[in-house]
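Have a look at the structure below before the remarks.
The values are calculated or read from the model by the stated rules, or taken from the named source; none is laboratory data. This structure is a prediction, so every number in the text was calculated from the model and none was measured. So basically every Cβ, Gly included, is an ideal-geometry build from the backbone, and we count neighbours across all protein chains shown.
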Amino acid sequence: MYKIYVVEDDEGIASGIKNLAEPWGFEVKTVSDFEKVLDEFNAYGPHIVLMDIGLPFKGGFFWCSEIRKISNVPIIFLSSASDNMNMVMAMNMGADDFVAKPFDANVLMAKIQALLRRSYDFASSSPVLSHKGAFLNTGDNTLSFNDRKLELTKNEYRILLCLMENKGKVVSREKLMEKLWETDSFVDENTLTVNINRLRKKLDGIGLEDFITTKFGVGYILG
């Protein structure tokens, strides 16, 4: 299920988007604290963000630039300020699309679905996988969490990729070793253990304690 994060101060529009998107099978969260947009983004881990330009405290351009420091998640700006300058600024700040208010509900849903397909259905678009506010960037093999970016080795990246592709499921040691062995020389159980332990230390260092949980005799699962 794709998750949408709506950063909009007009409660009528925000609830309208929620009511529009949920019947399509989307999970929708609307912003609750306009001073903690990035914290909410990290905690929720959305697949797409709908962002108004004019917001309390700090505007949508600011929050877009903050999100872009840690993630390439698709962002659509929603604004009644639909002049060309705002559109240009939105794209320069890293937005993927711009929808002027008032908007047609069907057009908005079509844009959301098209952008999600482009971002996550095609391998060439380098999607981002997320879990508990951590974002695995498949384009540059890094993990981002709370304004910190972790450089991953090839094996560490493959381990996280396999675990995040199987969120909620226990991944066997055998499956992980097959993942590591795809383009490498033979990987034995000790090599896997060493890589898991090294990866856990890196994750602990950026505040992701217990991100990988061991299921003894079975394998590993994201905590």
Margin query: Considering only residues that are within 15 Å of the chain's Cα centre (by Cα) and part of a loop (DSSP other than H, G, I, E, B), which ones fall in the stretch 54-88?
Written below: 69, 70, 71, 72, 73, 74
Margin query: Please verify whether residue 105 is out of contact with any strand residue (DSSP E or B) (no Cβ under 9 Å at 6 or more places or on another chain), farther than 23 Å from residue 223 by Cα and modelled with pLDDT of 85 or more, treating the condition exactly as stated.
Written below: yes
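What residue, of 109, 91, is part of a helix (DSSP H, G or I) and surrounded by fewer than 14 Cβ atoms within 10 Å (Cβ to Cβ)?
It is 91.
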Checklist line | Those residues of the stretch 13-70 which are under 23 Å from residue 137 (Cα atoms) and of a type in the set (Asp, Glu), in sequence order | finding: 27, 39, 40, 66
Checklist line | Leading residue by the ranking (modelled with the highest pLDDT) among those in the stretch 137-174 that are crowded, with 17+ Cβ neighbours inside 10 Å, part of a strand (DSSP E or B) and out of contact with any Phe, Trp or Tyr (no Cβ under 8 Å at 6 or more places or on another chain) | finding: 150
Checklist line | Residue tally, condition crowded, with 16+ Cβ neighbours inside 10 Å and either aromatic (Phe, Trp, Tyr) or more than 25 Å from residue 118 (Cβ to Cβ) (or both), over the stretch 8-33 | finding: 1
